[in-house]
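Engineer: What follows is a structure written as structure tokens; I'll ask about it next.
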Amino acid sequence: MTGEQGSDADFLIELSKHRSDPSYKCRHPAYAYYFSQRLGEPLDYRECPPTVPFYLLDREKGGYQFSVAPDLVRSIHIMFASPGESVASRFGHLSIRLIVCPSRSSSDAECNENIFDHVVLGYVARINELEMSLIKGAFGGYDAHLTGFSFMEAYRTNTLLADRNLFSVPLNLRPEETEQVVRELSEIHWSFRGNYRFFTNNCATLLQDTLAALVEQASDEPTVAGNLKTGYLRPDSFFKALRRSELADGRVLESLTNAEREGYYFPSTRPYYERAFELVSRTAGWNTPSSLDEYLRTPAKMRLLKTLKSDLLLDVYSHDQHAREAHLLLEERALIGLEQARLQSLMSLLGDPEIMASLQNSLNEMEQDTHRRWLEQCFLQPVRKLQGRLPVSKGIPGPDFMQLFPTVGTDCDQPGSLVIAKRLVNDWLPEWHGSVRALRNFSLEIEQTHENLAYLRTL
């Protein structure tokens, strides 16, 4: 009874705020919608800010503010990433994709093609340790919240780095329902914090709870809401059921060829690199490696030496641009993998408080010049954002709260600034730390791969 009395008291407090504060609906759209339905009152957001905020994580910027106009979101998709190799991704991953249009008058096709403005929201475990703990992953200990990414970041991470396919299925929502759900997603993004468990409280179960709460009103068919409340523990099982339900338009995936063309299916990029390797491996003068994976594992200098040793291969490349471009594609794939490995190694290293303290001391000893600003704004600040937890706001935050998130300096968009910042960090890392040597080996491999690319382009 105590819990029920507490809930009643909280309800009355929120109702009082709703009636007395005109801006209440802007910060608490979920309660506002509930009260409007119960009291039979219209819900009008025209007095609210035209956009709602999200905080998107990014491997280069660390994180940044991104505002979405709810009335520019044409549709909301459930996006499924096919199973990966790790324990945490064995059954795939589910997330929400906001289809943000360039303008209100844009066609559906134009909205689907506007992928640089699309936002992906998903429940993930925030792991800040050197290695993932299976014990904590299974029994709790990792923070979970509705984490935001740009669609391009999610696409790159899944299809390019993890060799996973992405399937994107639209929910059957009316425009007014879509706008309401977008507002409530922003509120959940800032206010909800939970305990992530890979097998019982994961991206599938948390997303089911969210959808059940947000779109229960989307259909009068009881089977639709029922599909959201059956407690699927596996992302792949829930996505399969969702595609069959009336809540989602599963027809868009009947033809993957059409789905890829229309922006509902994004296949892994690995087949493209496999075909490039097959083309290169059939070229006269090529002898090793014998597979794409073996090629990517081969040190960069060895990859170049094998090319230089074959006069016949070099002769073919001098007049067969198609074969040379395929080899360039392989080197670019090797570069992408190395940069990802270096980033992961660096993030693990900088998870050591002693290392971060050492870098901060080195920064404090620097003169107030451009290099110091680049190091702080383009490197240390993004690392802190990636490692830190998103502050909690009760409801959708306003401008004062958002000032807690300084924007990345415009100089960081210049390629040279980030290179210099990384070199400064590399120079200051202590030799005694066991992970430093591995990190520097990745850096050397990246430099050599750039040289490989430059050489192949001259042929």
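Engineer: Can you give the net charge of the other residues whose Cβ lies under 15 Å from the Cβ of Ser291, counting K and R as +1 and D and E as -1?
Structural biologist: +2
Engineer: Still on this structure, I have one more. With the cut-off at 1.5 for a/c, could you classify the range 56-110 from its C-alpha gyration tensor as rounded, prolate or oblate?
Structural biologist: On the way: a/c = 3.34, a/b = 1.61, b/c = 2.08.
It is oblate, given that a/c is not under 1.5 and a/b is not larger than b/c.
Engineer: Step through the residues of the range 289-304 one at a time and calculate ³J(HN,Hα) from phi using the Karplus curve (6.51 cos²θ - 1.76 cosθ + 1.60, θ = phi - 60°), rounding each to whole Hz and writing x for Gly and Pro.
Structural biologist: Result, rounded to whole Hz: x, 9, 8, 4, 4, 5, 4, 5, 7, 6, x, 4, 5, 5, 4, 5.
Engineer: Need the full-extension length gain, Gln403 to Ser291, defined as separation in residues times 0.36 nm minus the C-alpha distance. One decimal, nm.
Structural biologist: 35.3 nm
Engineer: Less than 9 Å Cβ to Cβ from Leu57, Lys/Arg counted +1 and Asp/Glu -1: what total charge do the surrounding residues give?
Structural biologist: Combined, the nearby Lys, Arg, Asp and Glu give +1.
Engineer: Which order, highest average first, do 102-109, 307-314 follow once you tally other Cβ atoms within 10 Å for each residue and take the mean per peptide?
Structural biologist: Details: 102-109: 11.2, 307-314: 14.1.
Listed from highest to lowest mean packing, they are 307-314, 102-109.
Engineer: Convert 37 °C to kelvin, take the viscosity as 0.692 mPa s, use the Kirkwood radius over C-alpha pairs of the range 228-333 as Rh, and evaluate the Stokes-Einstein diffusion coefficient in µm²/s, rounded to a whole number.
Structural biologist: 192 µm²/s
Engineer: If you keep only loop residues by DSSP, which trypsin sites (Lys or Arg not before Pro) in the range 38-88 have at most 12 other Cβ atoms within 10 Å of their Cβ? Let's see the in-between values first.
Structural biologist: Values: sites: Arg38, Arg46, Arg59, Lys61, Arg74; in loops: Arg46, Arg59, Lys61.
For trypsin sites (Lys or Arg not before Pro) across the range 38-88 that sit outside H, G, I, E and B with at most 12 neighbouring Cβ atoms in 10 Å, the list reads Arg46.
Engineer: Would you please give the FRET efficiency between Leu453 and Asp320, computed as 1/(1 + (r/R0)^6) with r the Cβ-Cβ distance and R0 = 25 Å, to the nearest 0.05?
Structural biologist: That pair, Leu453 with Asp320, gives E of 0.90.
Engineer: Just in the range 322-367: which GluC sites (Glu not before Pro) are loop by DSSP and have at most 12 other Cβ atoms within 10 Å?
Structural biologist: Values: sites: Glu325, Glu331, Glu332, Glu339, Glu354, Glu365, Glu367; in loops: Glu367.
Counting only loop positions with at most 12 other Cβ atoms within 10 Å, the GluC sites (Glu not before Pro) in the range 322-367 are Glu367.
Engineer: I need the GluC sites (Glu not before Pro) found in the range 427-459, filtered to DSSP loop residues with at most 11 other beta carbons within 10 Å of theirs.
Structural biologist: Sparse-neighbourhood loop GluC sites (Glu not before Pro): Glu431.
We did not get these values from a lab; they are worked out from the coordinates using the rules stated. The model shown is predicted, which means the values in this text are computed figures rather than measured ones. Note that we place each Cβ from the backbone using ideal geometry, even for glycine, and neighbour counts take in every protein chain shown.
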